[in-house]
1. Charges on Cβ only, +1 for Lys and Arg, -1 for Asp and Glu, centred on the Cα centroid of the chain; of Trp7, Gly17, Gly48, which one is farthest towards the dipole's positive end?
2. In the chain, what cysteines have no partner Cβ closer than 4.7 Å?
3. Going by amide H atoms built from the backbone, whose H comes under 5 Å of the H on Arg46, apart from near neighbours?
4. Explain nothing, just compute: Karplus ³J(HN,Hα) = 6.51 cos²θ - 1.76 cosθ + 1.60, θ = phi - 60°, for every residue of the stretch 29-37 in order, whole Hz, x for Gly and Pro.
5. Which option, (i) 2, 9, 17, 19, 17, 14, 10, 7, 3, 1, 0, 0; (ii) 2, 11, 21, 24, 18, 11, 7, 4, 2, 1, 0, 0; (iii) 2, 10, 20, 24, 21, 16, 6, 1, 0, 0, is the value of P(r) over Cα pairs in 5 Å bins from 0, in percent that was calculated from these coordinates?
6. Hey, what number do you get for the chain at 222 nm if only DSSP H runs of n ≥ 4 count, each worth -39500 (n - 2.57), divided across all residues, to the nearest 500?
7. Keeping to pairs on different chains or 8 or more places apart, tell me how many lysine pairs in the stretch 6-133 have Cα atoms under 21 Å apart.
8. What full-extension length gain, to one decimal in nm, is calculated for Ile125 and Thr81 as 0.36 nm per residue of separation minus the Cα-Cα distance?
Amino acid sequence: MSDPNTWAKATVVNDWGGQITNVYLDHRYDEDHFDKGHWNFIDNGRQGEPTFDVGYWTGFLRTGKDYWVIRFTDSNGATWTNKPNFYCFLTKDDAGGLVKCRVKNQTLYIEPPKSSSCTVALYRIGMGAQAAAE
């Protein structure tokens, strides 16, 4: 396994409607490279800072899949994620740019700087202590 030959930045954009907490974003390029971002909270209408690096390969015989998984808790204490086999390709044109991973309307939108966007449904995986006590 070698280091990726192409890099971009990634962040989460919160358009959920309220603050989200315990935000994790994982990027995986095939089985070769793994990147992880984490934010304690992201206010509504804001993006996670700092951004983090995502590596991938471009070039002859190196086309692969960029897998994306998000997990966060909403203001009602519910935790949300997407299916783990969701992928959205990054291309050489995205190199050096910012991939915005937007959460809105129970959907994750992957918005690369140049290549095509992709979407996947989010689903609830649990309730927090506050909701369980009610």
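No lab work stands behind these numbers, since they all come straight from the coordinates. Everything numeric in this text was worked out from a predicted model, so none of it was measured. Ideal geometry is used to build each Cβ from the backbone, glycine not excepted, and the neighbour counts take in all protein chains shown.
1. Going by the charge dipole, the pick is Gly17.
2. So far as the 4.7 Å Cβ criterion goes, Cys101 stand without a partner in the chain.
3. For Arg46, the qualifying residues are Asn14.
4. Computed from phi, the couplings for the stretch 29-37 are 9, 6, 10, 8, 8, 10, 10, 9, x Hz.
5. Identified label for the calculated read-out: (ii).
6. Details: 1 runs with 5 residues, N = 134.
Mean residue ellipticity, 222 nm, calculated: -500 deg cm²/dmol.
7. So the count works out to 21.
8. Values: separation 44, 0.36 × 44 = 15.84 nm, distance 0.70 nm.
Contour length minus the Cα-Cα distance gives 15.1 nm.
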